[in-house]
1. Using bins 5 angstrom wide from zero, how does P(r) for the chain break down, in % of all Cα pairs?
2. Could you rank the peptides 50-56, 73-79 by their average count of other C-beta atoms within 10 Å per residue, with the highest value first?
3. Of Glu87, Glu112, Glu191, which has the largest mean-square fluctuation in a 10 Å C-alpha GNM of the chain?
4. Modelled label-to-label distance, Asp74 and Trp163, 7 Å Cα→beta-carbon offset: nm?
5. With n ≥ 4 as the cut-off for DSSP H runs, can you work out [θ] at 222 nm for the chain, using -39500 (n - 2.57) per run divided by the number of residues, rounded to the nearest 500?
6. Run the Debye formula on the Cα coordinates of the range 99-165, all scatterers equal and no solvent, and tell me log10 I(q)/I(0) at q = 0.15, 0.29 1/Å.
7. What is the angle, in °, between the Cα long axis of helix 237-251 and the longest principal axis of the Cα atoms in the chain? Nearest 10 is fine, range 0 to 90.
8. Among 153-165, 242-254, how do they line up from the highest to the lowest mean number of other beta-carbon atoms within 10 Å?
Amino acid sequence: MRRLGLALALCLAAALPAGGARGADPLDGPGLKAHLASLADLLAQREGGAIPTLTDGDHAKLATGKAVLKEHKDGELIRGTVFRVAETEAWRIWLALSDNDHHEDFMPYVREGAVLEQAGGTKLAYQYLEMPAVKHRHLITRARDNGALWQASGKTIWESVWWLEPDSEDDVAGYIERGLIQHVTAEEAAEAIFTPANDGYWLLVELPDGRTLIVYQTFSDIGGKVPAFVVNEFGPQSMDKLTRVIETRGQAIESVFSSAAAAPPAPDGSPVEQLR
């Protein structure tokens, strides 16, 4: 997440982006601002935390593909939100985000990502992070995909929110014993620090010019003896990098899935139609 790179998911899809065809003139700053304003009623149906206000200068910057980072204090730590307009279709980004079982293949510091349970639009997932210069961390999060918003928007706004699963630290050993966590031993899990706080959301909004607005917000307390000022200095800096790693993964997402390796579902639980 912002914690040197961890994530859960959200996205948006359509065969050609439902919001508009590829090849349309790219939105400029005022065009982007106007389009997002037109989606206000739909975005009010989000389940994630507040979206920070963007200035005219922020919209202009985003329209050129540059990232905008917003930060605000949440206790001693910073809650960060990064905005970026990606060239990649939203359904591809969604699949990369949602594919927890393969996060170790491309996400920074992740030795293992594993889906522990999945039903009814929610997902319980484990991550073990080999972080530099400090003890390894691990955590169990629960994520919920906003299928109602996806349908109401004509399948063009995809949202996933996540939070730390309460009282889950003692469950890790059992998941290892059952084989749901395969690349971390019980001894390693016992030695690692279980992160005491982690929540956030991914929001993908398909734009009329065929691009995708990514909004990624996260708050994480990695625990241990790492000073807050260190987390605040390096955590937000990693957020834009993570969106680019996930976009790159999404660009070749077809190579990841096959009839023997089913893709994650769309927000409402249905198959992602572009892979059919």
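Taken together, the values in this text are just the output of simple stated rules run on the coordinates, not laboratory data. Just so it is clear, the model here is predicted, and its values are computed rather than measured. All Cβ positions, even for glycine, are placed from backbone atoms using ideal geometry, and neighbour counts span all protein chains on display.
1. Percent of Cα pairs in each bin: 1, 6, 13, 18, 19, 17, 12, 8, 4, 2, 0, 0.
2. Numbers: 50-56: 12.9, 73-79: 15.1.
Highest to lowest by the protection proxy: 73-79, 50-56.
3. Glu191
4. 1.1
5. Working: 9 runs with 71 residues, N = 276.
Taken over the chain, the calculation gives -7000 deg cm²/dmol.
6. One equal scatterer on each Cα of the range 99-165 leads to -0.56, -1.18.
7. Helix 237-251 and the main axis of the chain meet at about 70 degrees.
8. Ranking the peptides 153-165, 242-254 by packing returns 153-165, 242-254.
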